Number of protein chains: 2
Amino acid sequence: MTARPEPTLAQRKRQLVADELTRAALDLLARKGFDAVTVDDIVGAAGVSKRTFFRYFASKEDVVVQFLGEMGTGMRAALAERPAQEPPSVALRHTVWSAVDACAGHGEQTLRVIRLILGTPALLARFLERQAQWRDALAEELTRRLGLGPAGLYPQLAAGAALTAFDTVLQRWSAGEGDQDPAALTDEAFAVLAPALDSVV
Amino acid sequence: MTARPEPTLAQRKRQLVADELTRAALDLLARKGFDAVTVDDIVGAAGVSKRTFFRYFASKEDVVVQFLGEMGTGMRAALAERPAQEPPSVALRHTVWSAVDACAGHGEQTLRVIRLILGTPALLARFLERQAQWRDALAEELTRRLGLGPAGLYPQLAAGAALTAFDTVLQRWSAGEGDQDPAALTDEAFAVLAPALDSVV
DNA sequence: CGCATGCTTGACACCAAGTGTCATTAGGGG
DNA sequence: CCCCTAATGACACTTGGTGTCAAGCATGCG
């Protein structure tokens, strides 16, 4: 039962450093902007060396993007859990909603990070790059779900459309002042896309 | 009539330098890979100083991505030229096709650049970032075309879906050995997406 | 207890991307 | 012929990111 109640202390310490680094970075970056904060600033605030920072994060962008890191695997898992006979549009709507909800549910902090990403070209680029991987994962899962061959374009297109919906909802939601209901936005987006998503060849 | 037959020599010289820089960069990058080539290598091959390089391109990625630079404005122009009563799916199919054709028609060089971009994370990131701008432009044009208000999500979703189609076609086409017909791929992609694109609210 | 082992860290040197500054040069127009 | 502008190269500098190595510290074992 005790699958992993005790991550060996060493791992817990490691997690502690990572958390502190993330906290210090997001705080500084959200307040001063991405370019106005150097890695030295971050490690100064966190109390570690620059070298240690790059042992935990591959790049300065990575601190921010990794904060949204589990969302990719989360979405694939969410899609895998939907009943097999469910129409793609419904399954994907729940998939996207799981991610949107993870963003919208975590309070002010996540909103600030989203705004930071969408407003910083370098961060947006990394975010989209990561999304391209999510797209491949979702497409793979869709192919498996529907028992399709590798020939058709449908899985890639459907996964891409779902992520476009995700981006659009995120953009609208983060642009407003909490006046936009993310659930309603997600439903609206999938109402538009559903005719294509359910037109499985 | 002579709108601009003589770009003042100075501008012609400037263009010459830019072309030589682009040529040297693409040649080296395509052969050795993005990370294995430094800016000093490029400027050495082109016979200019490093400082001059950054007067022409904002970053190392920019040399590659700017090579596909006109495609963004080209797509918007292509969309604007389509007849107003044409269904969105048809207009957007022609829009995407104009870009795909620009890639597929320019011979081996463009194919190598596409493969370089899709195979290099840093370049893919910049490419997707630029596409996000194209998406906004296309969405704006769609809003104008259809006389929609700023409330709905349709324009962003439709533009995003079209660009997903573009990416998917590009990916398939560049992965094959010329055995894939880009026109057929484009048609197939839009056959899937059309039901959503034409479901204007 | 003492020691070996492995993991994490910090210090330091180093490379590459990108920017600010300034002196030089070449064209172009009066 | 001279001045004005634009382009360039040289150089120093900041910042992101990596390689290397020695020191610190917990753990395990004799």
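The values are calculated or read from the model by the stated rules, or taken from the named source; none is laboratory data. Note that the structure is predicted; figures quoted are calculated from it, not measured. Cβ placement follows ideal geometry from the backbone for every residue including glycine, while neighbour counts extend to all protein chains displayed. SASA here: full protein model, heavy atoms, side chains in, ligands and nucleic acids out. Shrake-Rupley method; radii C 1.70, N 1.55, O 1.52, S 1.80 Å.
Starting from segment B:49-62, take each residue that is under 13 Å from B:Leu123 (Cβ atoms) and list its partners that are within 7 Å of DNA strand C (Cβ to nearest atom) and open to solvent by less than 60 Å² (accessible area, probe 1.4 Å), counting only C-beta distances under 8 angstrom and pairs at least six apart or across chains. Taking only residues 6 or more apart or on different chains, the pairs are B:Lys60/B:Val39. Taking (1) touching a Lys or Arg at 6+ places or on another chain (Cβ under 9 Å); (2) in a helix (DSSP H, G or I); (3) within 19 Å of A:Asp136 (Cβ to Cβ) in turn, B:Glu141 satisfies each apart from (3). The residues in segment A:171-183 that are among the aliphatic types (A, V, I, L, M) and within 11 Å of another protein chain (Cβ to nearest Cβ) can be counted, and the count is 0.
Looking at A:Thr186, A:Thr168, A:Thr143, A:Thr120, can you tell me which residue is closer than 20 Å to A:Phe67 by Cα and either surrounded by 22 or more Cβ atoms within 10 Å (Cβ to Cβ) or away from chain B (no Cβ under 11 Å) (or both)?
Working: A:Thr186 fails: closer than 20 Å to A:Phe67 by Cα; A:Thr143 fails: closer than 20 Å to A:Phe67 by Cα; A:Thr120 fails: either surrounded by 22 or more Cβ atoms within 10 Å (Cβ to Cβ) or away from chain B (no Cβ under 11 Å) (or both).
None of the other options fit; the residue is A:Thr168.
Mind checking whether some residue in segment B:152-162 is within 13 Å of B:Val200 (Cβ to Cβ), more than 11 Å from chain A (Cβ to nearest Cβ) and over 18 Å from the mean Cα position of the chain (by Cα)? No, because not a single residue in segment B:152-162 is within 13 Å of B:Val200 (Cβ to Cβ), more than 11 Å from chain A (Cβ to nearest Cβ) and over 18 Å from the mean Cα position of the chain (by Cα).
For segment A:1-101, please list each of the helices (runs of 4 or more DSSP H) lying entirely inside it that holds at least 1 residues being within 16 Å of DNA strand C (Cβ to nearest atom) and surrounded by 12 or more Cβ atoms within 10 Å (Cβ to Cβ). Walk me through it before giving the result.
Values: elements: A:10-32, A:39-46, A:50-56, A:60-67, A:70-81.
Here the list reads A:10-32, A:39-46, A:50-56, A:60-67.
With respect to (1) touching a helix residue (DSSP H, G or I) at 6+ places or on another chain (Cβ under 9 Å); (2) open to solvent by 10 Å² or more (accessible area, probe 1.4 Å), the lone exception for A:Ile114 is condition (2).
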